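Input: a single structure, listed below in structure tokens.
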Amino acid sequence: MTMRSKLRLGALPVIGVAAALAPLFLAGYRLVFFLLMFLHVGLAYSWNLVSGFTGYISFGHVAFFGIGAYVVGILSGIHHWNWLIAVPLAGALVLVISLPLGWLMLRLKGPYFAIGMLAVAQATALVASLWDGLTRGGLGIFVSSSYNVVGVYYGLLIVLAVVMGVTYWVDNSRFGLRLLSIREDESAAEAMGVDTTRDKILAFALSALFPGLIGGLYAWYIGYIDPRSVFSLFFSVNMILMTLLGGAGTFLGPLIGGIAFTFVVESLWVRFPEYHLMSTGLAVIVIVMFIPNGIIDVLKKRGWLTHRRRILTRLIRSVETTPQKKAEVPERV
Amino acid sequence: MKSTSEEQRATQTRGTDGTVLEVESVDAGYGEMKILHAVSARVDRGELVSIIGPNGAGKSTVLKCILGLIKPTKGRVLFKGENITANAPHKIIASGIGYVPQGRIVFPDMSVLENLEMGGFTVRDKARLTGNLERVFDLFPVLDERRKQMAGTMSGGQQQMLAIGRALMSGPETILLDEPSLGLAPRFVDIVFEGLLRMGQEGITMVVVEQNAARALEMADRAYVLEFGRNRFEGTGEELLNDERVRRLYLGG
């Protein structure tokens, strides 16, 4: 990592403090705008943890979001538990579910994994619809009557800070390096002695935990959930869209992608409510055609951002101090 | 040269002193399809052993059995006298076996140095890591010249050298190579095989699966010929090169 990017990343805590103080100055839609931004960015970071770093593209991450929402819906909405207890429990339950699910699903590769995860999301939505003794089925659940924007705002801010911290660690750790080797070529990773199964499942579980928490917070924020709204495929698609827009498998990509996405979606939603879904499809096409590797990649290519994986530069630094063999000139004075 | 049954009896009496790797009458396959039928092989310390045979003879499958990528349905695999048949691939590789898979698989979007760094990811001691790097550069100087080049933009031969170099970065005593000359220009086949011989001089034990039978036998201390998933011939490289049947069947003369 160079000085320049260090300075840039140094701005993040400052932005964090500003975000923490924002509810003192902002209210109403302005605060909700940032709340939604944290929600989007947090989901993008979550998806990035498994799909960005390992290349296993999941179309089913909404399943974790929806399960999290339903845990809070059932515990807080029906049984009147405090949401501050229900939300962490939502995360814990999703984490527990994700381990065997990952073990099962990550045997599939490429498009099969993507489709398989889509099926998982559909299946969880069906369970939520049909198991009406637990979920009240299609009737949905009224979660809360108190509209607690500030509480949810802080909840999402904390989750976002944690998922960003985890991503930063992954991006600079041996674990992240192993995930990256899986994305680049899984059989080569295996040939080097990477325990690909364990690492994939771990990334999968980390990547499931946060949508569970965010889904729980969302249920508390939105006040009413039903299977169609919290298991909507759009959540999955948007996670993918934001991450690709920013740059998959990078630390800053989901942040940039998520912020850009929130601005675009919210402004379209306000001005052209009937077209804003179509614009999502249009955005996918534009991204895939013009910036397939995301905004981060464009910035790097233009030299505006220089971020190197610290973990991958041990050798590079040691070698850069010694000249290349070919360039060696015998010194004789 | 001995027939297979004689060899098997001999193996049983020889003991395991100096034997690094032993495959003992292994049956294996993919799902319902059985590929190997009671295949046996032995590799002594510092030896370069070639496994040759026609397409579909099960050469690569033998390597995959050793690495635990495929679990044998019968028989066992011993590494330094320890039964590793049931071990997970990453454990087997961590115990000191390097693997260069078929098709010169490198990480295309990473530089040469980054690829090598990945190969040494298990090495925590930086001095050892840079030592291994120097050995790799010494073996294949072209990798030194192209440190910063993206691996995907290099020629097939250079990628193969990189794949071998990456396997060396963890400092294994034993390396398994699957068809290192596959699809390479003759000039690069020479460079790669020369590199293997130099690795042998440094004391690295090697198992090389090859389609290029003549070249494989020329450089091998010993070799096994597989056919339809069974041991067909075995002996020193020279014996097999001069054997009438082997010449007729596999060397086109």
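Is there a residue in the range A:189-197 that is more than 29 Å from B:Val106 (Cα to Cα), part of a helix (DSSP H, G or I) and polar (S, T, N, Q)?
For the range A:189-197, residues more than 29 Å from B:Val106 (Cα to Cα), part of a helix (DSSP H, G or I) and polar (S, T, N, Q): absent.
Does the range A:44-63 include one or more residues that are touching a residue at least 40 places away in the same chain (Cβ under 8 Å), within 13 Å of A:Gly216 (Cα to Cα) and touching a helix residue (DSSP H, G or I) at 6+ places or on another chain (Cβ under 6 Å)?
The answer is yes, given that some residue of the range A:44-63 is touching a residue at least 40 places away in the same chain (Cβ under 8 Å), within 13 Å of A:Gly216 (Cα to Cα) and touching a helix residue (DSSP H, G or I) at 6+ places or on another chain (Cβ under 6 Å).
Residues being more than 20 Å from the chain's Cα centre (by Cα) and more than 7 Å from chain A (Cβ to nearest Cβ): count how many of those fall in the range B:116-154.
18
Could you check, for the range A:169-185, whether at least one of its residues is under 22 Å from B:Gly165 (Cα atoms), free of Cβ contacts under 8 Å to residues at least 60 places away in the same chain, buried (at least 21 other Cβ atoms within 10 Å of the Cβ) and not acidic (Asp, Glu)?
Yes, the conditions are met somewhere in the range A:169-185.
Here is a yes/no grid of residues against (1) part of a loop (DSSP other than H, G, I, E, B); (2) over 14 Å from the mean Cα position of the chain (by Cα):
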| site | (1), (2) |
| --- | --- |
| A:Tyr218 | no, yes |
| A:Ser236 | no, no |
| A:Leu245 | no, no |
| A:Gly249 | yes, no |
| A:Ala260 | no, yes |
| A:Thr280 | no, yes |
| A:Val284 | no, yes |
| A:Gly303 | yes, yes |
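What pairs come out if I take residues in the range B:50-78 that are assigned to a strand (DSSP E or B) and pair them with residues that are among the aromatic types (Phe, Trp, Tyr) whose C-beta lies under 6 Å away, six or more apart or interchain?
B:Ile51/B:Tyr224
If you check every pair at least six apart or on different chains, which have Cβ atoms under 9 Å apart with a residue in the range A:272-299 that is under 14 Å from A:Gly246 (Cβ atoms) first and a residue that is assigned to a helix (DSSP H, G or I) and among the polar types (S, T, N, Q) second?
Once the first residue is under 14 Å from A:Gly246 (Cβ atoms) and sits in the range A:272-299, its partners that are assigned to a helix (DSSP H, G or I) and among the polar types (S, T, N, Q) give A:Gly294/A:Thr243.
Out of (1) within 14 Å of chain A (Cβ to nearest Cβ); (2) farther than 26 Å from B:Val23 by Cα, the odd one out for B:Leu177 is which?
Every listed condition holds for B:Leu177 apart from (2).
Do the conditions hold for B:Ser170, that is, is it crowded, with 21+ Cβ neighbours inside 10 Å, closer than 24 Å to B:Leu113 by Cβ and over 11 Å from the mean Cα position of the chain (by Cα)?
yes
In the range A:215-227, is there at least one residue being surrounded by fewer than 24 Cβ atoms within 10 Å (Cβ to Cβ), more than 29 Å from A:Thr280 (Cα to Cα) and at pLDDT 90 or above?
No; the residues of the range A:215-227 include none that is surrounded by fewer than 24 Cβ atoms within 10 Å (Cβ to Cβ), more than 29 Å from A:Thr280 (Cα to Cα) and at pLDDT 90 or above.
Okay, residues lined up against (1) surrounded by fewer than 20 Cβ atoms within 10 Å (Cβ to Cβ); (2) under 26 Å from B:Glu22 (Cα atoms); (3) without any contact (Cβ under 8 Å) to a residue 60 or more places away in the chain; (4) basic (Lys, Arg):
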position	(1), (2), (3), (4)
B:Gly103	yes, yes, no, no
B:Ala127	yes, no, yes, no
B:Arg147	yes, no, yes, yes
B:Arg187	yes, no, yes, yes
B:Gln201	yes, yes, yes, no
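The values are calculated or read from the model by the stated rules, or taken from the named source; none is laboratory data. Being a predicted model, the structure only gives us computed values, none of them experimental. Here Cβ is always computed from backbone atoms with ideal geometry, including for glycine, and neighbour counts include all displayed protein chains.
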